Amino acid sequence: MARSFDELTAQEIAAGIAAGTFSAAEVTAAALDAIAARETEVQAFLQVTPELAQEAAARIDAARAAGEALPPLAGVPLAVKDNMNLVGTRTTCASRMLETYESPYTATCVARMLAAGCIPVGKANMDEFAFGSSTDSSAFHPTNNPWDTARVPGGSSGGSAAAVAAGMVPLSLGSDTGGSIRQPAALCGVVGMKPTYGAVSRYGVVAFGSSLDQVGPFGRTVADVALAMDALVSGGRDPYDSTAQDVVPGFAAAAASAEDLAGTRIGLVPAFMEAEGLTAEVRTGVERAASALEAAGAELVEVDLPHVDAAIAAYYVIGPAEAFSNLARFDGIRYGYQEPGCTNLADQSARSRAHGFGAEAKRRQMLGAYLLSSGVYDQYYYAAQKARTLITEDYSAAFARVDAILMPATPHAAFRHGEISDPTQMYLSDMYTISLNIAGNGGISVPVGLGADSGLPMAAQLVAPAFADERLITYAAVIERALGRAAGGSVLGVAPAFAGKGGELR
């Protein structure tokens with residue numbers, strides 16, 4: 001009997017291939033068929049890579065035929081955000097500046113997922129250079145939310161989230177500088193995790209804010225995200241990333257341990273639940289998650305983060321300053337877009353940057369240049385770093401009292417394309433996520449049902465102390481089991497309009 005590819009979790013796909021129920025080649029064909037059937041409406045990808053996928057699948061099937069032990073994610077299709085290098089693909093960062101750039105090597109995070117057996121099916125769309133919260137700033141095309149294609153999927157990892165929500169892949173990778181995994185995961189009704197800063201190598205990932213960036217996975221279920229996390233941290237500390245730490249894999253075990261939470265203390269921040277801009281349906285969703293944790297034995301405790309209101313202001317000083325420094329390399333001389341007809345270096349650089357970067361990329365770099373200029377640096381950048389210290393201390397003080405903190409992931413459901421035109425209002429979409437990047441803690445967004453008003457996915461966010469990311473998996477699994485795997489969807493978090501559309505396994 002034929003079975004739709006999107007009915008299976010990553011865990012089930014790997015188990016089915018290991019058991020011989022189906023082959024990696026069959027799964028890959030089903031994934032590519034699903035992409036072909038759904039991509040026109042969703043536009044989650046910038047590049048689909050059937051040759052790479054088929055070659056990887058053939059290796060998995062040959063290993064099984066030879067009786068070799070298969071890796072834990074053998075045959076699981078994977079989408080990769082297009083700011084991560086993968087040999088055989090372009091890495092464009094959704095920018096004209098890098099439109100023809102061919103990946104010279106493979107990023108460590110991608111290499112570890114491939115070593116775990118994943119099948120690379122394509123590079124996912126994103127906001128240009130990860131500057132945005134909607135994926136509308138991509139230089140090539142916007143991505144649509146599979147729950148309502150008139151709406152955004154969030155950003156900047158919108159393509160990665162939408163590919164999972166549309167049932168085109170069970171796993172994808174994104175990067176998170178101020179909420180770029182957790183916010184699109186919330187808007188698309190899938191699970192998305194930003195690990196602690198330093199838990200996952202960033203080598204081979206094009207930098208936005210070097211003190212803020214972190215790589216993490218999207219998945220249909222918490223257990224799938226846990227398997228991806230085990231793959232991402234396997235192999236120990238990456239010597240090519242000076243910020244990387246040695247994290248022991250244990251995430252799959254943490255997902256399996258989600259039962260009795262007696263003795264666990266979960267923090268709630270009253271100011272977050274009463275904040276201006278938070279919709280009633282999101283508040284209700286978070287309250288449902290809190291009730292699920294309490295029913296499992298956790299004690300709910302009110303905590304305070306007195307300086308967290310400064311997080312957005314600090315982020316939009318630190319982030320643009322680091323972006324200005326990181327993107328200075330794209331000067332039209334060494335690599336990237338080169339404006340034709342220039343007669344000197346200054347003209348070459350100015351014209352190439354003017355025509356290679358989009359509006360949001362220019363806006364953030366110009367802001368960064370101003371913030372790092374003489375006479376301004378002390379007033380803003382130094383003050384932002386002091387605020388960062390205070391916010392980090394607030395989280396440390398809270399975690400002295402609780403094991404994790406529960407809060408909204410976004411203030412509202414997915415908004416329509418073009419609905420928010422003011423950049424400042426767009427920045428506020430990340431009001432609940434930015435403080436984690438400032439402090440460096442890990443966070444996870446988990447679906448909690450559909451909003452009563454919008455009918456769209458709602459999500460709750462869990463935050464844990466630094467390098468206590470396994471707790472996030474455990475507590476998120478409790479919420480998932482209590483409220484259902486999907487955010488009201490028919491199959492595993494896949495948006496109903498796309499479930500079963502193309503991609504059959506026979």
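The values are calculated or read from the model by the stated rules, or taken from the named source; none is laboratory data. As the structure is a computational prediction, the values presented were derived from the model and not from experiment. Backbone-built Cβ (ideal geometry, glycine too); neighbour counts: all protein chains shown. Just so you know, the surface numbers come from the protein's heavy atoms only, side chains and all, with ligands and any DNA or RNA stripped out. Shrake-Rupley method; radii C 1.70, N 1.55, O 1.52, S 1.80 Å.
There is no residue in segment 337-348 that is farther than 29 Å from Glu99 by Cα and among the β-branched types (Val, Ile, Thr).
Could you list all residues from segment 405-428 that are small (Gly, Ala, Ser), within 15 Å of the chain's Cα centre (by Cα) and under 25 Å from His141 (Cβ atoms)? Give the steps one after another, and end with the answer.
Of all residues in segment 405-428, those small (Gly, Ala, Ser) come to 409, 413-414, 418, 421.
Going one step further and asking which of them are within 15 Å of the chain's Cα centre (by Cα), we end up with 409.
Matches in segment 405-428: none.
When Asp347, Asp304 are checked against the criterion of being open to solvent by 30 Å² or more (accessible area, probe 1.4 Å) and modelled with pLDDT under 95, Asp347 stands alone in meeting it.
No other residue among Glu419, Glu322 is out of contact with any Phe, Trp or Tyr (no Cβ under 6 Å at 6 or more places or on another chain) and open to solvent by 50 Å² or more (accessible area, probe 1.4 Å) apart from Glu419. Of everything listed in (1) free of Cβ contacts under 8 Å to residues at least 60 places away in the same chain; (2) of a type outside the set (Ser, Thr, Tyr); (3) in a strand (DSSP E or B), the single unmet condition for Met407 is (1). Looking across segment 17-44, the residues that are open to solvent by 10 Å² or more (accessible area, probe 1.4 Å) and outside any loop (DSSP other than H, G, I, E, B) come down to Ala18, Ala19, Ala25, Glu26, Ala29, Leu32, Asp33, Ala36, Ala37, Glu39, Thr40, Glu41. For Gly297, the conditions (1) in contact with a helix residue (DSSP H, G or I) (Cβ under 8 Å, 6 or more places away or on another chain); (2) of a type in the set (Gly, Ala, Ser); (3) open to solvent by less than 70 Å² (accessible area, probe 1.4 Å); (4) modelled with pLDDT of 95 or more are fulfilled apart from (1). Taken over segment 67-92, the criterion of being in contact (Cβ under 8 Å) with a residue 60 or more places away in the chain, in a loop (DSSP other than H, G, I, E, B), open to solvent by less than 10 Å² (accessible area, probe 1.4 Å) and over 18 Å from Ser201 (Cα atoms) is satisfied by Leu73, Ala74, Gly75, Val76. Filtering segment 410-425 to residues that are touching a strand residue (DSSP E or B) at 6+ places or on another chain (Cβ under 9 Å) and in a loop (DSSP other than H, G, I, E, B) leaves Thr410, Ala413, Ala414, Phe415, His417, Glu419. Of the residues making up segment 330-370, those that are charged (D, E, K, R) and touching a Phe, Trp or Tyr at 6+ places or on another chain (Cβ under 6 Å) number 2. Take the residues in segment 437-477 that are polar (S, T, N, Q) and under 17 Å from the mean Cα position of the chain (by Cα), then tell me which one is farthest from Ala226 (Cα to Cα). My answer is Asn437. Restricted to segment 241-326, the set of helices (runs of 4 or more DSSP H) holding at least 1 residues that are under 24 Å from the mean Cα position of the chain (by Cα), closer than 16 Å to Thr474 by Cβ and of a type outside the set (Lys, Arg) comprises 251-256, 280-295. When segment 418-442 is filtered for residues that are within 17 Å of Gly319 (Cβ to Cβ) and among the small types (Gly, Ala, Ser), the ones remaining, listed by number, are Ser429, Ser435, Ala439, Gly440. Considering every residue within segment 317-329, establish whether at least one is free of Cβ contacts under 8 Å to residues at least 40 places away in the same chain and over 30 Å from Arg112 (Cβ atoms). Taking every residue of segment 317-329 in turn, none turns out to be free of Cβ contacts under 8 Å to residues at least 40 places away in the same chain and over 30 Å from Arg112 (Cβ atoms). Quick one: in segment 484-502, of everything that is open to solvent by 40 Å² or more (accessible area, probe 1.4 Å) and closer than 20 Å to Val448 by Cβ, which residue is modelled with the lowest pLDDT? Here the residue is Ser490. Every condition in (1) part of a helix (DSSP H, G or I); (2) open to solvent by 70 Å² or more (accessible area, probe 1.4 Å) is met by Ala397 except one, and the failing one is (2).
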